Amino acid sequence: VNTYALTGKRVLFKRGDTWTEGAKTTSIVSVGPGYIGAYGVGAMPIISATGDYNMLVFSASDWRAVDLEFNGQNHIARAVTNSGVDQITFLRLNVHNVNSAFTTNNFTPLSDQFTIQDSSLLTVDSGVPTAGGIGAWIFAQRFSFQGNSMDVSGGGEHVLRFPLLQKAIVSNNILSNPPPTKQFIKLHEANGFGSAAAVWAGYYTEKVVIADNLFAGTRGTDWAVTIAPQNNSDDERLRDIIVERNWFKPKLGQSVAIMVNAVNVTVRNNIADMTMGAVY
């Protein structure tokens with residue numbers, strides 16, 4: 001891929017074809033603008049993994065990945081990774097049978113102008129295998145996660161985990177089936193990743209809107225959405241967050257729809273369906 005993924009180029013895979021990736025990571029290293037996508041008619045091109053690795057990593061700014069299907073084939077694979085670069089768009093990607101779907105580097109550098117959108121056919125079997133699987137693990141600023149469908153019924157952990165977001169929108173998504181002790185959205189602040197966990201590092205997760213999402217499940221969950229430090233020992237701080245017009249629709253017992261431990265938070269116009277055994 002790197003033979004052709006150069007500045008100002010498009011790398012296009014033929015629709016209907018399946019491409020088997022060698023047992024190593026494909027990394028985009030030339031600065032864009034650039035585009036990786038599909039041509040022709042028919043089903044999305046399929047990229048299949050053969051080992052435990054990141055399938056496609058963006059290590060240079062200003063790239064788009066569009067209209068591709070990633071099949072992890074039950075390896076401990078991550079489908080698409082932003083390694084902390086800017087101006088990256090993931091659009092209409094179908095990911096399945098992986099350990100994690102969308103990831104970023106931990107904290108440094110912080111991705112700027114990053115979008116994951118309209119992956120409406122996405123099904124993440126993040127529990128294949130179960131260890132550490134997660135739908136999305138994102139550190140970013142000026143971040144958009146919109147119009148996606150995420151299902152982790154294969155096992156694994158959280159549907160979405162955001163250790164650090166600054167100026168972000170999470171809206172119009174269908175998020176499904178985290179395990180009982182995990183969350184649909186776990187929003188915290190990554191102090192424990194960047195400094196001594198018990199000493200506040202001086203930055204916030206802040207200016208985040210979570211709106212117009214459907215949270216649905218068959219396994220039940222203790223806390224559906226958490227806006228709080230990741231535990232009771234890390235000094236992590238969150239502020240200026242809006243949670244509105246979301247629909248909490250668990251099919252089994254749910255203890256709490258929204259758990260908040262933050263400041264300047266607005267929670268309004270949400271629906272929590274308690275008819276299937278939800279408690280609060």
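The values are calculated or read from the model by the stated rules, or taken from the named source; none is laboratory data. The model shown is predicted, which means the values in this text are computed figures rather than measured ones. Here Cβ is always computed from backbone atoms with ideal geometry, including for glycine, and neighbour counts include all displayed protein chains. Please note that ligands, DNA and RNA were not included when accessible areas were found on the heavy atoms of the full protein model with its side chains. Shrake-Rupley method; radii C 1.70, N 1.55, O 1.52, S 1.80 Å.
Among the lysines, which fall within straight-line cross-link reach of Lys24, defined as a Cα-Cα distance under 21 Å, with same-chain neighbours fewer than 8 residues apart omitted?
Reachable lysines: none.
Could you state the accessible area per residue of the chain in Å², with a 1.4 Å probe and every protein chain left in place? Each step should come with its number before you reach the end.
Working: 11450 Å² over 280 residues.
Accessible surface, normalised per residue, equals 41 Å².
When you count, for each residue, the other Cβ atoms within 10 Å and take the mean per peptide, how do 197-205, 225-233, 58-66 rank with the highest first? Walk me through the numbers before you get to the answer.
On the way: 197-205: 15.9, 225-233: 17.4, 58-66: 20.9.
So the peptides 197-205, 225-233, 58-66, ranked by packing, come out 58-66, 225-233, 197-205.
Under the classification rounded if a/c is under 1.5, otherwise prolate if a/b is larger than b/c and oblate if not, where does the stretch 13-69 fall, given a ≥ b ≥ c as square roots of the Cα gyration tensor eigenvalues? Spell out each step's value before the answer.
Values: a/c = 2.95, a/b = 1.13, b/c = 2.62.
It is oblate, given that a/c is not under 1.5 and a/b is not larger than b/c.
Would you rank Lys24, Lys186, Lys167, Lys14 by solvent-accessible area, highest first, keeping every protein chain in place and using a 1.4 Å probe? Please report the intermediate quantities before stating the final value.
Details: Lys24 145, Lys186 25, Lys167 120, Lys14 100 Å².
The most accessible residue leads, giving Lys24, Lys167, Lys14, Lys186.
What size of dipole, in debye to the nearest 20, comes out for the stretch 159-259 about its Cα centre when the only charges are +1 on Lys and Arg C-beta atoms and -1 on Asp and Glu C-beta atoms?
Working: 11 positive and 9 negative charges, 77 e Å.
Dipole of the stretch 159-259, to the nearest 20 debye: 360 debye.
Please list Ile271, Ile258 from largest to smallest accessible area, probe radius 1.4 Å, with all protein chains kept in place. Please report the intermediate quantities before stating the final value.
Details: Ile271 100, Ile258 40 Å².
Solvent-accessible surface, decreasing: Ile271, Ile258.
Say the dipole of the chain comes from +1 at the beta carbon of Lys and Arg and -1 at that of Asp and Glu; which of Phe215, Ile258, Thr3 then lies farthest toward its positive end?
Going by the Cα projections, it comes out as Thr3.
Pop out the ³J(HN,Hα) list for the stretch 65-73 in order, Karplus 6.51 cos²θ - 1.76 cosθ + 1.60 with θ = phi - 60°, rounded to Hz; leave Gly and Pro as x.
Taking θ as phi minus 60°, the curve returns 10, 9, 6, 10, 10, 10, 10, x, 6 Hz for the stretch 65-73.
Which FRET efficiency value, to the nearest 0.05, do you get for Val29 and Asn106 by plugging their Cβ-Cβ distance into 1/(1 + (r/R0)^6) with R0 = 25 Å?
Values: r = 20 Å, r/R0 = 0.80.
Efficiency, from the Cβ-Cβ distance: 0.80.
Collect residues whose amide H, placed 1.01 Å from N in the peptide plane, falls under 5 Å from the amide H of Ser111; neighbours closer than 5 in sequence don't count.
Gln141
What is the stretch 137-206 by shape, rounded, prolate or oblate, if you read a ≥ b ≥ c off the alpha carbon gyration tensor as root eigenvalues and call it rounded for a/c under 1.5, prolate for a/b larger than b/c, and oblate otherwise?
Working: a/c = 3.32, a/b = 1.47, b/c = 2.26.
In terms of gyration-tensor shape, oblate.
Please report, in cubic angstrom per residue, the volume enclosed by the convex hull of the alpha-carbon atoms of the stretch 1-42. Write down the numbers at each step before the final one.
On the way: hull volume 2.9 nm³, N = 42.
With only Cα atoms used, the stretch 1-42 gives 68 Å³ per residue.
Straight distance only, please: which lysines reach the Cα of Lys167 with their own Cα at less than 29 Å, same-chain residues fewer than 8 apart left out?
Within reach: Lys182, Lys186, Lys207, Lys249.
What accessible area, in Å² to the nearest ten, does a 1.4 Å probe give for Met274?
90
Using θ = phi - 60° and the Karplus relation 6.51 cos²θ - 1.76 cosθ + 1.60, list the HN-Hα couplings for the stretch 214-219 in order, rounded to whole Hz, with x at every Gly or Pro.
3J(HN,Hα) across the stretch 214-219, in whole Hz: 10, 10, 10, x, 10, 9.
Over the chain, with a Gaussian network built from C-alpha contacts below 10 Å, which listed residue (Asp212, Asp17, Asp235) shows the highest mean-square fluctuation?
Asp17
How far apart, in nm, are two points set 7 Å out from the Cα along the Cα-to-Cβ line at Asp17 and at Arg268?
5.2
State whether the stretch 180-248 is rounded, prolate or oblate according to the following rule on the C-alpha gyration tensor (a ≥ b ≥ c being the square roots of its eigenvalues): a/c under 1.5 gives rounded; otherwise a/b larger than b/c gives prolate, and the remaining case gives oblate.
Note, shape of the stretch 180-248 comes out oblate.
Amide H neighbours of Lys9 under 5 Å, counting only residues 5+ apart in sequence or on other chains, H built in-plane at 1.01 Å?
The list, which skips near neighbours in sequence, is Tyr35.
So for His188, His75, what's the accessible-area order with a 1.4 Å probe, most first? Kindly include the intermediate steps, with their values, before the conclusion.
Working: His188 0, His75 55 Å².
These residues rank, largest area first, as His75, His188.
Taking the Cα centre as origin and putting +1 on Lys and Arg beta-carbons and -1 on Asp and Glu beta-carbons, what dipole magnitude results for the chain, to the nearest 20 debye? Don't skip to the answer; put the middle values down first.
On the way: 21 positive and 22 negative charges, 70 e Å.
Roughly 340 debye, rounded to the nearest 20.
Pop out the carbon and sulfur fraction of the accessible area of the chain as a percent, whole number, probe 1.4 Å. Present the calculation step by step, with values, prior to reporting the outcome.
Numbers: 5840 of 11450 Å².
Carbon and sulfur together cover 51 percent of it.
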